[in-house]
1. With respect to Glu116, determine if the residue is of a type in the set (Asp, Glu), modelled with pLDDT of 85 or more and within 29 Å of Arg7 (Cα to Cα).
2. Give me the pairs, please: first residue somewhere in region 47-63 and without any contact (Cβ under 8 Å) to a residue 12 or more places away in the chain and closer than 19 Å to Arg16 by Cα, second residue anywhere and among the small types (Gly, Ala, Ser) and buried (at least 17 other Cβ atoms within 10 Å of the Cβ), beta-carbon distance under 9 Å, and either six or more positions apart or on two chains.
3. Can you tell which of Leu23, Leu56 is closer than 22 Å to Gly103 by Cβ, of a type outside the set (Ser, Thr, Tyr) and exposed (fewer than 15 other Cβ atoms within 10 Å of the Cβ)?
4. In region 5-51, how many are farther than 17 Å from Pro90 by Cα and part of a loop (DSSP other than H, G, I, E, B)?
5. Ala70 - would you say it is in contact (Cβ under 8 Å) with a residue 24 or more places away in the chain, more than 18 Å from Asp41 (Cβ to Cβ) and outside any strand (DSSP E or B)?
6. Would you please list the contacts, defined by Cβ atoms under 7 Å and residues six or more apart or on different chains, that run from a residue in region 93-121 that is within 30 Å of Ser74 (Cβ to Cβ) to a residue that is basic (Lys, Arg)?
7. Only one residue in Glu48, Glu82 is exposed (fewer than 14 other Cβ atoms within 10 Å of the Cβ), in contact with a strand residue (DSSP E or B) (Cβ under 6 Å, 6 or more places away or on another chain) and modelled with pLDDT of 90 or more. Which one?
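The values are calculated or read from the model by the stated rules, or taken from the named source; none is laboratory data. Computed from a predicted structure; not experimentally measured. All Cβ positions, even for glycine, are placed from backbone atoms using ideal geometry, and neighbour counts span all protein chains on display.
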Amino acid sequence: MPRHPERQQRVSDAIRRIVAIALHDEVKDFDFTMLTVTRVDVTRDLSEAAVRYSVLGTEEKRRECADQLAKVSSFIQRRVGEEITIHHVPRVRFVYDPSIDHGIELERLFDQIERERKNNL
């Protein structure tokens, strides 16, 4: 367990940067151009890293992206191990982050409310 939460945050930030660069610049077999690494949550003991990501597009595109991430996860794990100097490399797992989708939906609802408000004037 890390003594300082700052270390946990530094490791999280480093993993986010490494994963984003690897997915966009180094993985050539799959297209991750519509994928955004939103954040990385590491456990207190630094044994696991949940890489949270979002994908613009349809539900089919999200499923396709999840399948592709599963196929490159060992490569990403290796890249993290090469780039970060810590005793044990955290196990990297990918988790879909719906926060951007929620934001888009809220924006759509606000626009709808505004249109309805203008129509009622």
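1. Details: of a type in the set (Asp, Glu): yes; modelled with pLDDT of 85 or more: yes; within 29 Å of Arg7 (Cα to Cα): no.
Judged against the criteria, Glu116 is not a match.
2. none
3. Values: Leu23 fails: exposed (fewer than 15 other Cβ atoms within 10 Å of the Cβ).
Among Leu23, Leu56, only Leu56 is closer than 22 Å to Gly103 by Cβ, of a type outside the set (Ser, Thr, Tyr) and exposed (fewer than 15 other Cβ atoms within 10 Å of the Cβ).
4. Of the residues in that region, 8 qualify.
5. Values: in contact (Cβ under 8 Å) with a residue 24 or more places away in the chain: yes; more than 18 Å from Asp41 (Cβ to Cβ): yes; outside any strand (DSSP E or B): yes.
So Ala70 passes the test.
6. If the second residue must be basic (Lys, Arg), the pairs left are Val95/Arg52; Tyr96/Arg62; Asp97/Arg52.
7. Numbers: Glu82 fails: in contact with a strand residue (DSSP E or B) (Cβ under 6 Å, 6 or more places away or on another chain).
Only one candidate qualifies: Glu48.
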